[in-house]
Amino acid sequence: MIKNIGKKDMVWGVFATVLKIGAGVLLYPFVLHKLDGEQIGIWTIFTTIQMLMIIVDFGFSDSFTRNVGYVFSGVKRLKKEGYEHLEESVADDEVDWMLLRNVIRCMKRFYGIMALSLFVLLATVGTWYVSTLVEKYSGEPSDVWIAWCLLVIFMTWNLYSTYYQSLLQGRGLMAEYNKIVTASYLTYLFGAIIFVSMGYGLVAVVGAQFLSIIVLRVLSKIVFFTKNVRKRLKGAKDGGASQPREEILKAIAPNAVKIGLTGLGGIIINRSSTFIGSEFLSLAEMAMFGITLQLIVVIGRASTVVTRVYLPKLFEWRVTENISKIRKTFVISTVVIIAGYVAGGVLTDLFGNWALVEVLGSNTKLLTGGVFWVIILQNFLETNHVNAADFLLSKNEVPFFKASLISAAATLVLLVVLVVWLDFGLWGMVLAPTIAQAAYQNWKWPSVVIRELWG
């Protein structure tokens, strides 16, 4: 059965979220001090390249997590859409361990293929691209090549072993998972500081990332594959599952692809303004817009901790039709999101620029006034409807993927009209996604959840 989730899980969820954000904030000034401009530029490019792992995954990680949660709740068959209804969640000895073993095999096979594809892409096109950077690099070329080789290896292994995350979260081991994430980020933070101080430059940062992933995956394997779990998986006999592994990926793939398309739409909505705006606004304006947006995204991540921690239990409550607990969690998560954005917005507006300029010595300030509060409103509404979408997704349905793509297209059109044609500048960049999302998605999915849960 899925492990019960309580205050300890929530505390560790908040702590891990803060550390994810804080590690970069703490490390960045140190790296700026120790690395030269060219090394920082290549590090920034390497960081962007790591986004390929998210694109290659294309929504399968979330789908695998959801289906692992269904298995631990007691279902005997995974469906393309919807879920098998149960009277109540089952004990461990009633879990279909053969089905779980087949899901694990399916995940290994899928991520093995994806990791190999990523390796080939990085080793060919990626290596060619890095060679063009090395030609312009005035430092020691071997430093870049060693860092690149480490990056290729660690990205490939990181993608292949992603299934450990789905196993831990699907079983509801949220406190354990977030403790492991905490250990991983602390390894990255202190490893980078130590290695950079020893003079290893670019290799130090990439090496610290590699070391942190080793910690993350090794601890994940130890925590999930306990003696009891290994015994039950080994004892599961072929033919004992209600569904062979050949059918599992076919059942998981459709919604995973829809989630991937939804994520692509979200990237277009949230990132396209930066690319288009950079052609028509000054670098100073883009810097203010960028740092303001990053800070507000942090507020959003912190405010959604309730839903992220309780997702495994949502899967269990769905299959057992425990609507009262789903209602309670939805209300609490919505209240936390509202409180997070109100508190975060007010504190940022009052003290944000003071902290940047006086404490951190930044030359770039945050946006203020009406533009700032419209960005806060737009991000709050988006976070709220994404939160509602997660509750709908717990039913193994993705009703919002078409709307996400339409909103993405509308955002691009509005950006061209407001920024390029009408020359609205920053206001155009802010209003385009706000209008596109408010037209449908911002109100649609919360209203669907409310109608479903309260009739």
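The values are calculated or read from the model by the stated rules, or taken from the named source; none is laboratory data. Only a predicted model underlies this, so the values are computations on that prediction, with no experimental measurement involved. When we count neighbours, we look across all protein chains shown, and the Cβ atoms used for this are built from the backbone with ideal geometry, even at glycine. The accessibility values were calculated without ligands, DNA or RNA, using every heavy atom of the protein model including side chains. Shrake-Rupley method; radii C 1.70, N 1.55, O 1.52, S 1.80 Å.
Side notes on the structure shown:
- Whole-Hz Karplus values for the range 288-297 come out as 5, 5, x, 5, 5, 5, 4, 5, 5, 4 Hz, taken residue by residue from phi with 6.51 cos²θ - 1.76 cosθ + 1.60 and θ = phi - 60°; glycine and proline positions read x.
- Counting 0.36 nm for each residue step from Ala253 to Trp354 and taking away their Cα separation leaves a gain of 31.5 nm.
- Packing-based ranking, highest mean first, of 5-17, 416-428 given that Cβ atoms within 10 Å are counted: 5-17, 416-428
- Under Karplus coefficients 6.51, -1.76 and 1.60, residue-wise ³J(HN,Hα) of the range 440-455 in Hz, glycine/proline x: 8, 5, 4, 9, 5, 6, x, 5, 5, 5, 4, 5, 5, 7, 10, x
- Once the Cβ-Cβ distance of Ala183 and Val120 is raised to the sixth power relative to R0 = 35 Å, the FRET efficiency obtained is 0.65.
- Protection proxy ranking, highest mean first, for peptides 285-291, 387-393: 387-393, 285-291, where packing is the per-residue count of other beta-carbon atoms within 10 Å, averaged.
- On the beta carbon distance between Tyr440 and Lys227, with R0 = 35 Å, the FRET formula returns roughly 0.10.
- Alpha-carbon centroids, the range 181-195 and the range 404-448: separation in whole Å: 39 Å
- Counting only protein heavy atoms and a 1.4 Å probe, the range 156-280 has 45 square angstrom of accessible area per residue.
- Protein accessible area in the range 42-112, 1.4 Å probe - carbon and sulfur %: 55 percent
- Entries in Lys258/Lys325; Lys108/Lys231; Lys221/Lys258 that, when Cα-Cα distance is taken, lie over 24 Å: Lys258/Lys325; Lys221/Lys258
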